[in-house]
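Rule-based calculations on the coordinates, nothing more; no lab input. Small disclaimer: the values here were computed from a predicted structure and weren't measured. Every residue, glycine among them, receives a Cβ derived from its backbone with ideal geometry; neighbour counts consider all protein chains shown.
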């Protein structure tokens, strides 16, 4: 077991890849009473075209199958994993994104028992026609509920603008029609292909003894037989890597009291190195903060003019396959909002120089926020539950953030901000 010491943070990361390929990371926090565990597979909603395990011909599975599989893994023939966690006083949950699925629990006691529950239910699939049919109704209601949520429709509409011919424009949960086509065989094919231990990782943060905990994990895995490892063969490619398929503008009429507007930016840069990807992400995050956070001149000007309000926000999302940013607000000046935000982005170089005096303050504030996350096992686990950044963790992120210079923001603006990759989506009130 390798031990990586981060002396300035008084933290260590213990890492080991087991014989079955499962990658394990342990981060002890002796001053905590809680332990957070998260197990992640490199399989998300966009991974719907692949060659099933030990087969030769590719298949296309229905949209929403990764999310559906997440729901179904908790349910077994004679029990539900949620109930087992509950009896031991642990909180458990799961979530699916575009590129990964994670299963998690937090506990202050019975760590070994809860860890066994997590490993056992994730590694023991149980699907029948009856249980699949039941879940189709449950998830169908969930999909319809989100269809009535204006904020979700705004976000999904923007993805439809940025990636009109790629699976990202489809709800992670799929559609009512697509999930109706899911069968136990499809679930088993996906499970065998993507839930191999070698395509998964396990991260524990909080109160734990590294040697003891690693021993528990190895004991659990040694009792099971696993099929030979086979790297998943997936066929995800962007329809148009150049971004020329971006739709500049769309709108949707809904029953809202106040219109919503969003500006999206599709990134085109590709990465082969996880640490390079992380540096790029941090630079773009800092760029958006410098241009748009609530202490910036741009924010104060737009707020004073009534173009934005307290609903204003922005975010940068990065996955192994694509990345994008979005900036949104509730506003009665939809066109003005879009024009102003795109002008700020178009002139990012000049805006960076204009705000240069605030750079160190913005960077210190972000470093402070990241350091505060070191007190949250959940934040550490959720942030780095996967292989997106080549094994980097929150301490690596803080180190890298400290090294960023103004020139890195200029480079990020050059790499990320492309007028052809910008788009606007609006939710318009039907009462106007």
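For the chain, the Cα-based Rg and Dmax, in that order, read 22.7, 65 Å.
Spatial offset of the stretch 241-285 relative to the stretch 359-432 amounts to 13 Å, using the alpha carbon center of each. Treating r as the C-beta distance of residue 244 and residue 317 and R0 as 22 Å, the FRET efficiency rounds to 0.55. Taking other C-beta atoms within 10 Å as the exposure proxy, 389, 236 rank 236, 389 from fewest upward. Computed over the stretch 2-234, the quotient of the alpha carbon radius of gyration and 2.2 N^0.38 Å is 1.07. The packing ranking, built from the mean of other Cβ atoms within 10 Å per residue, places the peptides 128-137, 339-348 in the order 339-348, 128-137, highest first. Given a Förster distance of 22 angstrom, what is the FRET efficiency for residue 19 paired with residue 270, based on the Cβ-Cβ distance and rounded to 0.05? For residue 19 and residue 270, the calculated efficiency is 0.10. When the alpha carbon gyration tensor of the stretch 12-75 is reduced to an equivalent ellipsoid, the three semi-axes, largest first, read 32, 17, 9 Å.
Of the beta bridges in the chain, as assigned by DSSP with both residues counted there, near 80 percent are antiparallel. Between residue 176 and residue 188, the simple label model (points 7 Å from Cα in the Cβ direction) yields a spacing of 3.0 nm. Could you tell me how far the Cα centroid of the stretch 288-341 sits from the Cα centroid of the stretch 73-148, in Å? About 36 Å separates the Cα centre of the stretch 73-148 from the one of the stretch 288-341.
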